[in-house]
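Data first, discussion second: the structure below is written as structure tokens.
The values are calculated or read from the model by the stated rules, or taken from the named source; none is laboratory data. A quick note: this is a predicted structure, and the numbers were derived from the prediction, not measured. For neighbour counting, all protein chains shown are included, and Cβ atoms are generated from backbone atoms with ideal geometry for every residue, glycine included.
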Amino acid sequence: MRRSLFYLLFFLLPLVLVAQHEQDSAWIREHYTKKELYIPMRDGVKLFTAVYLPKDASEKHPILMNRTPYSCSPYGEDQFRAFWMNHWKYYLRENYIIVIQDVRGRWMSEGQFEDVRPFNKNKKGNTDIDEASDTYDAIDWLVNNLPNNNAHVGVFGISYPGFYSTMAAASGHPALKAVSPQAPVTDWFMGDDFHHNGAFFQMDGFSFYSGFGKPRPQPTKIGPKGFDFKVRDNYKFYLEAGTLQQLADYMGDSIKFWKELYAHPNYDEWWQARNARVAMYDVKPAMLVVGGLFDAEDCYGAWNLYKAIEKQSPATNNKIVMGPWYHGQWASRDGSRLGNVRFGRNTAFDYQNNIEIPFFNYYLKGKGDDPALPEATIFFTGENSWKQLPQWPPQNMTPTALYLQANGNLSWNAGGSSNAYREYISDPAHPVPYTEDVHFGRTREYMTDDQRFAHRRPDVLTYVTAPLDEDLTLAGPLTADLRVSISTTDADFVVKLIDVFPDNFSYPGDAPQAGRTAGGSYPMGGYEQLVRGEIMRGRFRQSFEKPVAFKPGKTETVKFELPDVAHTFRKGHRLMIQVQSSWFPLADRNPQQFVNIYTAKPEDFKLSTIRIFEASSIVLPVVK
């Protein structure tokens with residue numbers, strides 16, 4: 001009976017979805033008209049823009065804009081975007097004017113594209129342009145030319161469009177009332193996408209730029225093709241590809257930004273100009289910064305953009321929302337789980353209906369009461385609950401050191417011997433994988449993956465507490481404060497914060513078929529859930545601008561910050577820290593010699609003996 005019902009649903013559900021999509025599509029065509037326009041910029045370049053105009057003429061409507069390098073397709077005024085597939089459909093029900101624009105130099109827009117184009121705060125003439133000025137010019141044209149608009153504009157976008165949303169906030173246009181940068185690309189050297197603390201995230205970088213980065217000879221409606229990997233095991237592919245110089249051979253010579261990545265191995269002026277936070281002064285519109293606690297691409301960007309606005313533009317109405325999400329999951333239909341970890345509710349639905357839509361409705365339509373959002377709306381995993389906080393980090397958070405002991409324990413007391421240590425051999429030929437099993441693309445679930453596979457490796461040090469006798473809540477950034485010595489002149493350091501489930505733990509209720517018990521529960525006994533992990537390229541321990549070699553055998557400090565967490569370790573769970581020196585192929589391999597890693601040769605890669613001394617600690621943001 002159960003199997004028959006399964007097959008009935010299996011065959012009927014697609015038919016039901018198709019019928020629903022056809023109904024939604026018909027509704028949009030009945031209530032909206034699509035126009036395609038070229039909007040002129042101050043330097044004469046024209047940007048291709050798709051505008052969806054409500055047919056309702058009973059009132060004036062606000063404009064909600066998304067600027068993107070990923071295309072405003074489908075092209076053609078009779079071709080409508082499938083808004084009903086995500087929460088944009090709610091804005092159509094509210095009669096928003098929806099504007100989607102191909103940014104300068106992408107797809108059908110004119111001009112020359114530049115990745116994360118630097119903000120120019122000293123524009124002097126019509127030839128001085130940046131993404132802020134392009135946004136200003138687009139908004140100005142829209143409010144003066146679109147029929148029936150109320151001269152109130154909002155901008156939002158996820159990931160790279162989150163960067164363009166940030167630049168919109170810096171435009172200064174008086175019609176721009178509300179902006180929501182979501183998972184915003186903020187700093188591609190320090191923590192977003194392609195580098196973390198200077199370590200190159202080769203897998204994301206190569207898979208992205210081998211397609212996205214291909215030159216566009218003229219405006220086009222056809223996107224570039226990606227790289228044919230052939231090998232469907234990413235660990236195998238990147239290990240066999242060899243050095244970064246050899247990986248560059250796969251990429252070829254035509255992709256400009258890939259060559260720039262290689263040409264700027266340190267945090268020099270070129271990188272610093274591409275830090276979006278430099279534009280966040282005197283921000284006028286209301287800001288809603290959104291991100292995911294488990295966003296594999298831009299977790300750094302959301303936290304640090306919010307903090308920059310707070311510091312640099314204190315008068316701005318600036319709020320942050322962080323949920324238990326992968327990259328963009330808050331805009332999806334389901335926010336109830338990630339990988340094996342469950343959150344007990346559809347957190348995406350919570351966000352869409354209770355936060356984002358009321359935010360734009362109030363500032364763009366004057367609809368509803370002032371949402372008066374709390375400063376920080378944060379979902380705490382572990383206890384699985386939303387918290388509304390007057391500040392972030394919370395006022396009652398106390399940075400508290402947890403010490404790594406030579407016997408593998410963790411202690412709240414320093415004690416011990418400063419000369420005691422544990423050690424491992426880091427072998428670039430056999431790097432520690434970032435996740436278990438074989439994968440082709442970088443997984444989003446690795447952010448909550450079980451770390452028992454790493455626990456079993458001799459090149460990973462594991463430290464763990466006894467079972468907790470009460471709940472332990474962390475809220476804020478972590479700081480790794482390691483005392484180390486290495487046998488070579490460079491090394492990476494990966495620190496992972498892990499929640500160890502009790503041996504008898506099971507999620508109740510429905511679960512994936514694999515691993516389901518007779519009672520319908522999902523066994524998680526002994527699961528070592530990654531809560532936060534981060535890598536630090538050791539050569540940058542003193543300065544990201546001017547790297548410094550290690551002296552073999554000398555004890556030194558490697559101190560770095562991990563992105564913020566919001567997590568409660570429940571009573572009976574254990575807190576675990578793992579330390580290792582590779583995270584492959586998520587991050588590139590360090591030759592463990594003080595050479596230019598981007599031009600390193602195979603013979604430059606050496607074994608290194610890594611010692612972690614008992615004086616090392618992880619400073620946790622403990623909420624009392």
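What to note about this one:
- Scanning segment 466-492 for residues that are closer than 15 Å to VAL622 by Cα and in contact with a Phe, Trp or Tyr (Cβ under 9 Å, 6 or more places away or on another chain) yields a count of 10.
- Among the residues making up segment 30-45, those that are surrounded by fewer than 16 Cβ atoms within 10 Å (Cβ to Cβ) and either assigned to a strand (DSSP E or B) or modelled with pLDDT under 95 (or both) are THR33, LYS35, GLU36, TYR38, PRO40.
- The single condition among (1) touching a Ser or Thr at 6+ places or on another chain (Cβ under 8 Å); (2) without any contact (Cβ under 8 Å) to a residue 60 or more places away in the chain that ARG442 does not satisfy is (2).
- Residues of segment 207-226 classified as in contact with a Gly (Cβ under 8 Å, 6 or more places away or on another chain) and either in a helix (DSSP H, G or I) or surrounded by 17 or more Cβ atoms within 10 Å (Cβ to Cβ) (or both), total: 3
- Taking the numbered list (1) touching a Ser or Thr at 6+ places or on another chain (Cβ under 9 Å); (2) hydrophobic (A, V, I, L, M, F, W, C); (3) in contact (Cβ under 8 Å) with a residue 60 or more places away in the chain; (4) not in a strand (DSSP E or B) in turn, PHE156 passes all entries but (4).
- Scan of segment 45-65 for residues that are basic (Lys, Arg) and either in contact (Cβ under 8 Å) with a residue 60 or more places away in the chain or touching a Leu at 6+ places or on another chain (Cβ under 7 Å) (or both), ordered by number: LYS46, LYS60
- Flag for THR68 being touching a Leu at 6+ places or on another chain (Cβ under 6 Å) and in the same structural domain as VAL153 (by TED's automatic domain parsing): no
Residue-by-condition table, conditions (1) more than 20 Å from ARG216 (Cβ to Cβ); (2) at pLDDT 95 or above; (3) more than 24 Å from the chain's Cα centre (by Cα):
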residue: LEU47; (1), (2), (3): no, yes, yes
residue: TYR52; (1), (2), (3): yes, yes, yes
residue: HIS61; (1), (2), (3): yes, yes, yes
residue: ARG67; (1), (2), (3): no, yes, no
residue: GLU77; (1), (2), (3): yes, yes, yes
residue: GLU94; (1), (2), (3): yes, yes, yes
residue: ARG106; (1), (2), (3): no, yes, no
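For (1) part of a strand (DSSP E or B); (2) assigned by TED's automatic domain parsing to the domain that holds ARG452; (3) under 22 Å from the mean Cα position of the chain (by Cα), each residue gets a yes or a no:
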{"residue": "GLY533", "(1), (2), (3)": "yes, yes, yes"}
{"residue": "PHE544", "(1), (2), (3)": "no, yes, yes"}
{"residue": "VAL548", "(1), (2), (3)": "no, yes, no"}
{"residue": "ASP564", "(1), (2), (3)": "yes, yes, yes"}
{"residue": "HIS567", "(1), (2), (3)": "yes, yes, yes"}
{"residue": "LYS571", "(1), (2), (3)": "no, yes, no"}
{"residue": "LEU575", "(1), (2), (3)": "yes, yes, no"}
{"residue": "GLU603", "(1), (2), (3)": "no, yes, no"}
{"residue": "LYS606", "(1), (2), (3)": "no, yes, no"}
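- For segment 78-132, the candidate set comprises residues that are of a type in the set (Lys, Arg) and in a helix (DSSP H, G or I); within that set, the residue that is surrounded by the most Cβ atoms within 10 Å (Cβ to Cβ) is LYS89.
- Selection status of ASP204, crowded, with 22+ Cβ neighbours inside 10 Å, touching a residue at least 12 places away in the same chain (Cβ under 8 Å) and either in a loop (DSSP other than H, G, I, E, B) or acidic (Asp, Glu) (or both): no
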